[in-house]
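Have a look at the structure below, then the notes.
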Amino acid sequence: MAERHVIVFPPGEGGGRRVQIGSETLGTAYGLHDLAVFLERAGLEGVDDVDVADSPLIEWHGGGPETWEH
């Protein structure tokens, strides 16, 4: 997982943000908890909301971890 790039895209019309690892879209997150769940399912164990907010593995587009509405 560490070598794969995580991108959180800008909020869409409904407030969710598309999450992608490499070329694979994991889904739409509506908060940090959703993002943590997606990353755990992708193989990054033991992540929580604080981990994803501060992780250097994540590239935030259109706002940081506090931005969830369009």
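Quick note: the coordinates plus some simple rules give every number you see, no bench work behind them. From a predicted model like this one, the values you see are computed outputs, not experimental measurements. Using ideal geometry, Cβ is built from the backbone for each residue, glycine included, and neighbour counts are taken over all protein chains shown.
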If you take the Cα Rg of the chain and divide it by 2.2 N^0.38 Å, with N the number of residues, what do you get?
0.97
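To the nearest 0.05, how large is the calculated FRET efficiency for Glu59 and Tyr30 if R₀ is 25 Å and r is the Cβ-Cβ distance?
Taking R0 as 25 Å, the efficiency between Glu59 and Tyr30 is 0.85.
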Measure nothing but the geometry: give the 0 to 90° angle between the long axis through the Cα atoms of 32-41 and the longest principal axis through the Cα atoms of the chain, rounded to 10°.
40 degrees
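Kirkwood Rh and Cα-based Rg: tell me the resulting Rg over Rh for the range 1-42, rounded to two decimals.
Using only Cα positions, Rg/Rh for the range 1-42 is 0.95.
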Of the residues Gly64, Gly43, Ser23, the Cα lying farthest along the dipole of the chain towards its positive end, which is defined by charges on the beta carbon of Lys, Arg, Asp and Glu, belongs to Ser23
Read phi for every residue in the range 56-67 and hand back ³J(HN,Hα) as whole Hz from Karplus 6.51 cos²θ - 1.76 cosθ + 1.60, θ = phi - 60°, with x for Gly and Pro.
x, 6, 9, 9, 8, 10, x, x, x, x, 8, 9
